[in-house]
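Note sheet for the following structure.
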Amino acid sequence: MISVISIALNQKKKMLSSVLKRFNLGILFIAWRLALFIPLIIGAYLLPYNLSSPVSYIYHYINQNLSFNSVSLFPWANFDGIHYLNIAEHGYTNQARFFPLFPLIIKAISGSLAVSIVLVTIIFFLASLLFKKLIDLDFPSQIATRGLVYLLLFPTSFFFVSIYSEGLFLLLTLSAFYFARKKMWFLSIICAMLLMATRFVGIAILPALLYEFFRGGSNQYKKLALFLLVPLGLIAYSLFNYYKWHNFLYFIQAQGELGNNRSVSSIVFFPQTIFRYFKILLTVPINYEWGIALLELISFLFAGFLLYFAWKKKIRISYLIFALINFAIIISTGTFSGLPRYVLTIFPVFIALALIESKVFKFAYMIISPVLLFILLMLFSRGYFVA
């Protein structure tokens, strides 16, 4: 009788502890989300708005309700966000580089700017919860918490709650791995299929999940046929590309039409790109574009080192397969443009960050990263491209 009571009390303690952890995570998330409005408000007083690009200001591109013409709301749709809202409202014209799942969700929910901001916030909150649950499977709770804090404070983390697909991509990635770890293969594969309809680098999930499947020594080979469903998200979008633009792979060609020196017809090995960036930094006058080039190069070095560190720390192989293929695709196009943002969804980077024990590093990260987050968000909110 006493043992039964003891077991019941222990279960209640575990449940209470779990509730408290989620409550604390919710408080942390809300504080972070509210703090992100501060750079928008300060930026409105300090910086003139950059109107040089039509996609740097939503009212030049899409007709939204004027009640949302607020410095604390419309900047969340700058640049790619404007395209996503436009696709949701009017369908595709020439924006094939933006995969369809995210704008379809926006359209299904409402399509308005304000509702879309709430939507991406909820999506990223769910991704944050799952991020912690996934890491908790392999590491002590403090590692998961530290990794989440580092993710929230990363200089470009504001993209998770902008009208961008980063939050959805992360949520689907983590869901695919979490369900795979729990041997819930049908749910894992559905998430992977949706991931491939969110961004092209989602193709990295297939070999990672296959490794996870065989690593577990599963003898349920009938389930292996389920993996044929994974590419359907990409196949469906390729068929749409052919119907719309008479080219199955037009979404790749469209990436080359941005004018940012991105190669879409051949692979460019990253040493060539590094050489190009050093040439830019040593020969181009120091200006805003020079600063962005420096940020992109640092992002490459930062992510590359942490992926190596993740391998040294024996982070789960399936995670590393996903991360390395994802990273390789991004850095093989002749430019690191956008890399400070693309790093966000390579989640093993943040597990590796959490495993660094150096007190000097922790202190430096907790000081430098929030400062850069503030500056980059302020610039982004005023129509300046940062990633």
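Translational D (Stokes-Einstein, µm²/s) of the chain at 4 °C and 1.567 mPa s when Rh comes from the Kirkwood sum over C-alpha pairs?
Roughly 59 µm²/s, to the nearest whole number.
Would you mind listing how long segment 74-113 runs along its three principal axes, going by Cα atoms, in whole Å with the largest first?
Here the spans come out as 23, 21, 15 Å, largest first.
What's the extension gain from F186 to K223 if we count 0.36 nm per residue and subtract their Cα-Cα distance?
Extra length available between F186 and K223 comes to 12.5 nm.
Quote the relative contact order of the chain in percent (integer), defining contacts as alpha-carbon pairs under 8 Å separated by 6+ residues.
22 percent
Using only the alpha-carbon atoms, how far is helix 113-136 inclined from the longest principal axis of the chain? Give it as 0 to 90 degrees, nearest 10.
40 degrees
Comparing I42, I346, I375, which has the greatest mean-square fluctuation in the GNM of the chain with Cα pairs linked when under 10 Å apart?
I42
Rounded to whole Å and sorted largest first, what semi-axes of the equivalent ellipsoid does the C-alpha gyration tensor of segment 182-235 yield via the square root of 5 times each eigenvalue?
So the three semi-axes of segment 182-235 are 20, 11, 9 Å.
How long are the three semi-axes of the equivalent ellipsoid of segment 101-164, in whole Å, if each is the root of 5 times an eigenvalue of the C-alpha gyration tensor, listed from largest down?
Taking √(5λ) for each eigenvalue gives 27, 13, 8 Å, largest first.
As a test of the formula, what do you get for the chain when each DSSP H run with n ≥ 4 contributes -39,500 (n - 2.57) and the sum is divided by the residue count, at 222 nm and rounded to the nearest 500 deg cm²/dmol?
Computed ellipticity for the chain at 222 nm equals -21000 deg cm²/dmol.
With N set to the number of residues, divide the alpha-carbon radius of gyration of segment 77-223 by 2.2 N^0.38 Å and report two decimals.
This ratio for segment 77-223 stands at 1.13.
Counting C-alpha atoms alone, how compact is segment 213-292: give Rg to one decimal and Dmax as a whole number, in angstrom.
For segment 213-292, the Cα radius of gyration and maximum Cα-Cα distance read 20.7, 61 Å.
For the pair S141 and W245, what calculated FRET efficiency results from E = 1/(1 + (r/R0)^6), where r is the Cβ-Cβ distance and R0 = 41 Å, to the nearest 0.05?
0.25
Quick check on my link table: of K182/K222; K132/K183; K222/K244; K183/K222, which ones sit more than 25 Å apart, alpha carbon to alpha carbon?
K222/K244
Using a 1.4 Å probe on the protein heavy atoms only, what accessible surface does D136 show? Give it in Å² to the nearest 10.
60 Å²
Counting C-alpha atoms alone, how compact is segment 221-372: give Rg to one decimal and Dmax as a whole number, in angstrom.
Gyration radius and largest Cα-Cα distance of segment 221-372: 18.7, 61 Å.
Angle, helix 317-331 long axis vs. longest principal axis of the chain, Cα atoms, 0 to 90°, nearest 10?
Compared with the principal axis, the helix lies near 0 degrees.
The values are calculated or read from the model by the stated rules, or taken from the named source; none is laboratory data. Since we're looking at a predicted model, the values are computed, not measured. Quick reminder, even Gly has a Cβ in these numbers, built from the backbone with ideal geometry, and neighbours come from all protein chains shown. These accessible areas exclude ligands, DNA and RNA; they are computed on the full protein's heavy atoms, side chains included. Shrake-Rupley method; radii C 1.70, N 1.55, O 1.52, S 1.80 Å.
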